[in-house]
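Beneath this line is the structure, given in C-alpha cells, with notes to follow.
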Amino acid sequence: VLKLQFNLNLVETFYRKRREGTAAPARTTNYKAMVMFKISSVETTPIDGQKPGTSGLRKKVKVFLQPHYLHNFVQSTFNALTAEKVKGATLVVSGDGRYFSKDAIQIIIKMSAANGVRQVWIGQNGLLSTPAVSAVIRERVGADGSKATGAFILTASHNPGGPHEDFGIKYNMENGGPAPEAITDKIYENTKSLKEYFIAEDLPDVDISTIGVTSFGGPEGQFDVEVFDSASDYVKLMKSIFDFESIQKLLQSAKFSFCFDALHGVAGAYAKRIFVEELGANESSLLNCTPKEDFGGGHPDPNLTYAKELVARMGLGKTNPEQEPPEFGAAADGDADRNMVLGKRFFVTPSDSVAIIAANAVQAIPYFSGGLKGVARSMPTSAALDVVAKHLNLKFFEVPTGWKFFGNLMDAGMCSVCGEESFGTGSDHIREKDGIWAVLAWLSILAYKNKDNLNEGKLITVEDIVTQHWAKYGRHYYTRYDYENVDAGAAKELMAYLVELQASLPDVNKIIKGIRSDVSNVAEANEFEYKDPVDGSISKHQGIRYLFEDGSRLVFRLSGTGSEGATIRLYIEQYEKDSSKTGRDSQDALAPLVEVALKLSKMQEFTGRSAPTILS
Ligand code: G6P
Ligand code: ZN
C-alpha cells in the first residue's frame, strides 16, 4: 500500500511539474504508456569466467542464456561505475544486431531503470556500429540538453553470430572509448562476489523498432527510453570530417567504380545512407548490406579469407569474375570498426593503409587540414607508418595491441591518425577504430589524386597510389601466420623458449646463419614493453621481437581475443628501400625470413603444426 501511495505521488508530482513547465520538455513522449514500475532485488551467486577483455565479455550465446548470466555482468558493471555515476545517467545501449541483442537490450533497459539511470538511448532496432556508439556518446545532445555518460555495446565484433555462435557486451566511457583496465578489473572483481542485482521486472518491453520516447515512472523519478535513428549522428560527423562533394564527384565519374561489402553486419545501416543516399553510389555497389542476426551464416571479418564475395568481385579470387572488377572495394566487420581496402585485383595491407592515409591526410581530408598532431601504430603493425612520420616530421608512437592505447594519446591531443595490422584504422574523431571512416578516407585520397583527371586523363587507381607510396617511402613486405587453437601449454613454452634465446644475440645470429645465410643480423631482441606517455602505466609482455639490422622484424605474440586454446601470431616484415625492388610478390620476398622464423622458434616441434591455420 505504501509503495502504491508512493508511486501515485510520483505520478502526481510528474504531471504537476509538467503543467508548471518544470519537468523535462516533452518530446514525442508516449505519456499514455507511462507505466509505473517497481524495483526488485534478485538474489544471485557469482558466475565464473566473466572477465572482460578490452573488447568486453565475449562468449557463446548459450553461455549468455544461462540464468542471471547477463544480469550479473550488467550489475557488476553498474557497481564498478558506482551508484553515484549511474544514478541520473544517460546510457546508450545498442550493437551490431547479432542474435540475442534484442533480448539483451530489454534486460539492460529494465536493469538501468532499477539502478536509477535517467534515460537509455537506443539506435533503431538496437543497431549502432561500434564507431557510431562512440560518436553518439561524444556528439549527440538529447532534446533536454543531456549528453550520454556511457554505453553498453552489444557485439562480438568479427566473430560469427547466431544461436550457436558468439555474443558480447562491452562498456564504453564518457570519452567514447572502451572502459580502461581499472574499470574492467573492477567489473571482474564484482562478478566474483555479486549477491544481488536490481531489475524493474514489471517494466513492459519497449518497442525498439519505432523512433520516439517512452517514459516510465519509478521510485526514483522518471525513466525514459529514447529510440533514435541509428545513422544520423554518425553521418553528420562524417560530413564534418570529409569533403562529401569531392567524393561524390569521384563516385559519379564514369571512370570510377565502387563496391562495399558489410558482410551482413551493422555497417549496412550506414553504407546505404552514406554511399548511396549522400554520395550517389549505385545501390548495386552494396553487397550484404542488410544487417542479419547471424551474418548470413558467415564470418563477418573483413580479410582475404572471409570476405570471399568481395574478394572474388575485385578479381582477387582464383576464378576470373564475370564482370570487370570495380576500381575500389572495401568491407567492414560485424560491428563496423574493422575495414579492408582493395583496389582492382589489388590488396592494400592494413599497415600500408594507415601509412598512406597519414601521408595524404592533410591534403585530402578537410578535418586534418591544420596538420596532424601525431600518428601511432600497434607494435606488430609494419613500420610503413614510421617512415611517413619521419619524413613528415610527425610525433610517432608504437603502442601494444589494442585500441585503448591510442585513446589515451588522443585524449591528450597527441595523435590524429592510427592503425593496426588487424584491419583497424581510425582517427581522433572518436575513440574506436572506424571502418566506414577508413573507406571515406581512401575515397578522399582517390578524389584528391584524381581531382584533375576525372574529365580527361587516366584514373589514378588504388594500386597506383600504393605503388607510388612505395616508390617514395620504400615498401614493407609483410605477412602474418596464425596458429589457432594451439594447446595453451605448448604456446607458452614456445614463447618462453624465444625469450630464453634472446639472452645471447651471438647465439641467435649463429642459429639464423645456419638456417639462411642471406638474411641480415639480428641487432636487437626483446619482449615489447610500453610505458604510456600519458598516464605512466606500464604494459609488459606485449610480444617478442627480433629486430634485424636491415629493418626487418619478426614478432611473436599470443592473441588476446581467441576463444579456444591459444592462438600464436607470427608477424614477418622486411623493408625494401630500393624502388626497383618494391614490386615483388610478397610471399616470395619474405620466404627467407619465414624459413628463419619457423625454424628459429621450432614452431612445428612446439605446436605439432606444419602450416598456419591462416596466412595473410
Ligand atoms: C581487437 C582489438 C584490436 C586488436 C585486435 C587484436 O580487434 O579491438 O585493437 O588489434 O583485437 O587481436 P589479437 O587476437 O591479435 O589479440
Ligand atoms: Zn569489430
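The values are calculated or read from the model by the stated rules, or taken from the named source; none is laboratory data. In this text the structure is predicted, and so the values were computed from the model without any measurement. Neighbour counts run over all protein chains shown; Cβ positions are idealised from the backbone, glycine included.
Could you identify the single residue in 243, 261 that is buried (at least 23 other Cβ atoms within 10 Å of the Cβ), touching a residue at least 12 places away in the same chain (Cβ under 8 Å) and assigned by TED's automatic domain parsing to the domain that holds residue 330? Give the derivation first.
Numbers: 243 fails: buried (at least 23 other Cβ atoms within 10 Å of the Cβ).
Going through 243, 261 in turn, the sole match is 261.
Would you pick out the residues in segment 300-316 that are over 20 Å from residue 422 (Cβ atoms) and outside any loop (DSSP other than H, G, I, E, B)?
Taking segment 300-316 and keeping what is over 20 Å from residue 422 (Cβ atoms), we get 309, 312-315.
Selection gives 309, 312, 313.
Each row is one residue, and each column tells you yes or no for (1) away from ligand 2 (no atom under 16 Å from the Cβ); (2) of a type outside the set (A, V, I, L, M, F, W, C); (3) within 17 Å of residue 131 (Cβ to Cβ).
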residue	(1), (2), (3)
391	yes, yes, no
396	yes, no, no
412	yes, no, no
418	no, no, yes
423	no, no, yes
446	yes, no, no
461	yes, yes, no
Exercise for review: With respect to residue 369, determine if the residue is at pLDDT 95 or above, touching a His at 6+ places or on another chain (Cβ under 7 Å), away from ligand 2 (no atom under 16 Å from the Cβ) and of a type outside the set (Asp, Glu).
Suggested key: no
Check your understanding: Of the residues that make up segment 360-373, is at least one buried (at least 21 other Cβ atoms within 10 Å of the Cβ), assigned to a loop (DSSP other than H, G, I, E, B), in contact (Cβ under 8 Å) with a residue 60 or more places away in the chain and of a type outside the set (A, V, I, L, M, F, W, C)?
Key -> no
Review point. Looking at segment 256-268, is at least one residue out of contact with any Ser or Thr (no Cβ under 6 Å at 6 or more places or on another chain), over 21 Å from residue 296 (Cβ atoms) and in a strand (DSSP E or B)?
Key: no
Point to revise | Hits in segment 124-164 (condition: away from ligand 1 (no atom under 16 Å from the Cβ), assigned to a loop (DSSP other than H, G, I, E, B) and within 21 Å of residue 425 (Cα to Cα)) | key: 128
Review point. For segment 92-104, does any single residue satisfy the condition of being within 16 Å of ligand 1 (Cβ to nearest atom), touching a residue at least 40 places away in the same chain (Cβ under 8 Å) and in a helix (DSSP H, G or I)?
Key: no
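Just to confirm my filter: which strands (runs of 3 or more DSSP E) fall fully inside segment 405-513 and include at least 1 residues that are basic (Lys, Arg)?
Hits in segment 405-513: 475-486.
For (1) in the same structural domain as residue 580 (by TED's automatic domain parsing); (2) among the small types (Gly, Ala, Ser); (3) within 30 Å of residue 583 (Cα to Cα); (4) in contact with a Leu (Cβ under 9 Å, 6 or more places away or on another chain), each residue gets a yes or a no:
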residue	(1), (2), (3), (4)
469	no, no, yes, no
479	yes, no, yes, yes
482	yes, no, yes, yes
485	yes, no, no, no
491	yes, yes, no, yes
506	yes, no, no, no
510	yes, no, no, no
518	yes, no, yes, no
524	yes, no, yes, yes
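For segment 542-563, give me each residue that is away from ligand 2 (no atom under 16 Å from the Cβ) and either part of a strand (DSSP E or B) or within 18 Å of residue 606 (Cβ to Cβ) (or both). Give the steps one after another, and end with the answer.
In the first step, residues of segment 542-563 are kept if they are away from ligand 2 (no atom under 16 Å from the Cβ); the result is 542-558.
Scanning segment 542-563 gives 543, 544, 545, 546, 547, 548, 553, 554, 555, 556, 557, 558.
Can you work out which of the residues in segment 43-58 that are part of a loop (DSSP other than H, G, I, E, B) and within 17 Å of residue 133 (Cβ to Cβ) is modelled with the lowest pLDDT?
Step one: filter segment 43-58 for residues part of a loop (DSSP other than H, G, I, E, B), giving 44-52, 54-55.
Within this subset, residues satisfying the condition of being within 17 Å of residue 133 (Cβ to Cβ) are 52, 54-55.
Details: 52: 89, 54: 66, 55: 83.
This residue is 54.
Just give me the residues in segment 318-352 being among the small types (Gly, Ala, Ser) and either in contact with a Cys (Cβ under 6 Å, 6 or more places away or on another chain) or away from ligand 2 (no atom under 16 Å from the Cβ) (or both), in sequence order. First the steps, then the outcome.
Step one: list which residues in segment 318-352 are among the small types (Gly, Ala, Ser), which gives 329-332, 334, 336, 343, 351.
Answer for segment 318-352, where residues must be among the small types (Gly, Ala, Ser) and either in contact with a Cys (Cβ under 6 Å, 6 or more places away or on another chain) or away from ligand 2 (no atom under 16 Å from the Cβ) (or both): 329, 343, 351.
Please specify each residue of segment 229-248 satisfying the condition of being assigned to a helix (DSSP H, G or I) and touching a Gly at 6+ places or on another chain (Cβ under 9 Å). Outline the logic, then answer.
Quick first cut of segment 229-248, residues assigned to a helix (DSSP H, G or I) only: 232-241, 244-248.
248, the sole residue that qualifies.
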Practice item. Name the one entry in 226, 245, 220 that is of a type in the set (Asp, Glu) and in contact with a strand residue (DSSP E or B) (Cβ under 7 Å, 6 or more places away or on another chain). Key: 226
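Could you say whether any residue in segment 243-263 is over 30 Å from residue 362 (Cα atoms) and modelled with pLDDT of 95 or more? I'd like the intermediate steps shown before the answer.
Going through segment 243-263, the residues over 30 Å from residue 362 (Cα atoms) turn out to be 263.
Those still in the list that are modelled with pLDDT of 95 or more too: 263.
Yes, some residue in segment 243-263 is over 30 Å from residue 362 (Cα atoms) and modelled with pLDDT of 95 or more.
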